[in-house]
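Scroll down for the structure; my scribbles are underneath it.
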Amino acid sequence: MTESSNIRVMIVDDIVDTRDQIEKLLFFEKDIEVVAKASNGREAVAMAKQHKPDVILMDINMPDMDGIAATEAIMTQDPGIQVIIMSVQGETDYLRRAMLAGAREFLTKPIGADDLYKSIRHVHRLAATRPVTSTATGGSEGSVPSGGGAQGQIVAVFSPKGGVGTSTIAANLAIALRQLTNKKVALVDGNLIFGDLNVILNLVSNKTIVDLANRVDDLDRDLLNDVLTTHNSQVKVLLAPPNPQTGELVTSDQLRTILDLMRQEFDYVVVDTQSSFQDRALAVLDMADRIIALMTLEMPCIKNIKLFLEVAELLEYPREKTMLVLNKADNRMGFSVKDVQSNIQHEVALQIANAPLEITYSINQGVPLVIAKRTHQVSKDIFTLASRLTNVAKAVSSEKPQDEVKRQPEPKAKPQSRGLFGRLTARR
Ligand SMILES: Nc1ncnc2c1ncn2[C@@H]1O[C@H](COP(=O)(O)OP(=O)(O)O)[C@@H](O)[C@H]1O
Ligand SMILES: [Mg+2]
């Protein structure tokens, strides 16, 4: 980025009229400045080097070199540049490839002025909050975990009630973390009986957590990498077993061993946690550095969240380990957030907007909303959540010695005490 406080934008499109129209739309925006225009990918790569724009608006279909190849080349050249892909409706496959190439955002043609401004400012803001990364320091595609063996953060997304959005938020959050930090992010389907992440992310693989559990004694980085499935976003996913009877066989001890290795290999391990207090769910909650406790403004859910917070206290989880997040937030539900906060005596840290149609559509398409519609309110809320998690990690690590930060209290339960009751009585 240059010293000028303006957002420096480059427009890339082979149609002159499109380039001119976009330039006109941007003309009156005081904080946005068009610094270059290119008519194909090859020109774009050269001009990006010369003008160093903050944001590039990139068409996909262009002669000579298309927008995807150009994005890839520009990302290698200068990973700090934010590319927004402009496409026509229905180019889902192109969009996925563009995302993989490093594009940060999509706009569908014809492009509305508001969407255009919002997207440019959004990606620019993201770049400002993203830690400086380069292939040498921050890039984390290599096999060695960043931080020289330091442990990553386990983030358990959990709700004591089903249907609240745990799987949806876990999937979107993992992708948002990856996009925001460019670090190594894994997503684990902790619903060993009815896992959904393969459907939500449109992933097909016959390798699942069972393949790790069965060989837990030989578990190492290579075996882990072999079983993980790579999503387009570069998030590595550990899928749930293919059927409930196999899922039953994974024990909580095996789950602990797997998560332990994963936190050595990844910067963030997001776990879609089962809605229960059985051993396997407790193992995840115990190991988590942060628990995103999801709730909605529904009476049964508020009641269960209250019970969960009591259990968390009994299990001696530090209060700040639990981050209470209101999903499907809507002010027409008959309760205000304030009422809820005073009732459960815990702060609601963040709200995620209610968008049943968009979420259902994105789930059915297998393209998470943070990819399909980055500027949607729900996506923004999820990016805010992701950025809180990265900031918290930074703030905490500057205050406390590493060991203390990464290792939240481990379960002190004796191995034979099973279930929540066993755990709590073992503490007395
Ligand atoms: N922010 C949201 N706004 C509206 N609907 C949502 C939102 N998040 C999730 N949903 C919907 O809630 C339902 C349950 O989501 P899911 O992720 O399967 O929840 P869980 O894993 O907690 O059972 C789905 O129909 C999903 O579309
Ligand atoms: Mg679920």
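Read the figures in this text as sums done on the coordinates, not as results from a lab. It should be emphasised that the depicted structure is a prediction, and the values quoted were computed from it without experimental measurement. In this analysis, Cβ positions are derived from the backbone assuming ideal geometry, glycine residues included, and neighbour counts consider all displayed protein chains.
Points to keep in mind about this one:
- Share, in percent, of DSSP beta bridges within the stretch 153-427 that are antiparallel, nearest 5: 5
- Selected from Pro79, Pro241, Pro356 as most flexible by GNM, with the chain as the system and alpha-carbon contacts under 10 Å: Pro356
- Amide proton proximity set for Ile154, modelled H, under 5 Å, gap of 5+: Val269, Asp289, Arg290
- Residue of Leu239, Leu255, Leu285 that the Gaussian network model of the chain assigns the largest fluctuation, springs spanning Cα pairs under 10 Å: Leu255
- Available extension along the chain between Phe28 and Leu100 is 22.7 nm, counting 0.36 nm per residue and deducting the alpha carbon span.
- Using just its DSSP H runs of length 4 or more, each adding -39500 (n - 2.57), the chain gives a mean residue ellipticity at 222 nm of -13500 deg cm²/dmol after division by all residues.
- Take the Cα of Arg121, go 7 Å toward its beta carbon, and the backbone nitrogen atoms of the stretch 12-53 under 12 Å from that spot belong to 29-32.
- Tilt relative to the chain, helix 92-101 - C-alpha long axis, 0 to 90 degrees, to 10: 90
- The trypsin sites (Lys or Arg not before Pro) found in the stretch 1-71 that occupy coil by DSSP, while having at most 12 further C-beta atoms within 10 Å, are Lys30.
- Relative contact order (%) - the chain, alpha-carbon pairs under 8 angstrom, separation at least six: 14
- Among the listed pairs Lys303/Lys380; Lys207/Lys373; Lys24/Lys118, a Cα-Cα separation exceeding 24 Å is found for Lys303/Lys380; Lys207/Lys373.
- Compared with the alpha-carbon gap, the fully stretched path from Thr384 to Leu249 is longer by 44.9 nm at 0.36 nm per residue.
- The Cα center of the stretch 227-263 and the Cα center of the stretch 328-351 differ in position by 33 Å.
- Distance from the alpha carbon centroid of the stretch 5-19 to that of the stretch 283-306 works out to 45 angstrom.
- Largest mean-square fluctuation among Leu357, Leu173, Leu57, in a Gaussian network model of the chain whose springs join Cα atoms under 10 Å apart, belongs to Leu357.
- Cβ-Cβ FRET estimate between Ala426 and Lys303, R0 fixed at 35 Å, reported to 0.05: 0.85
- P(r) tail fraction, the stretch 7-129 - alpha-carbon pairs more than 21 Å apart, %: 27
- Taken along the Cα-to-beta-carbon direction at a fixed 7 Å, the label points for Met65 and His51 span 1.5 nm.
- For the chain, convex hull volume per residue from C-alpha positions, Å³: 154
- Value of Rg/Rh across the stretch 217-362 [Cα atoms, Kirkwood radius]: 1.00
- Axis angle, to the nearest 10 degrees, between helix 252-265 and the longest C-alpha principal axis of the chain: 30 degrees.
- Modelled FRET efficiency - R0 41 Å, Asp78 with Val204, Cβ distances, 0.05 increments: 0.75
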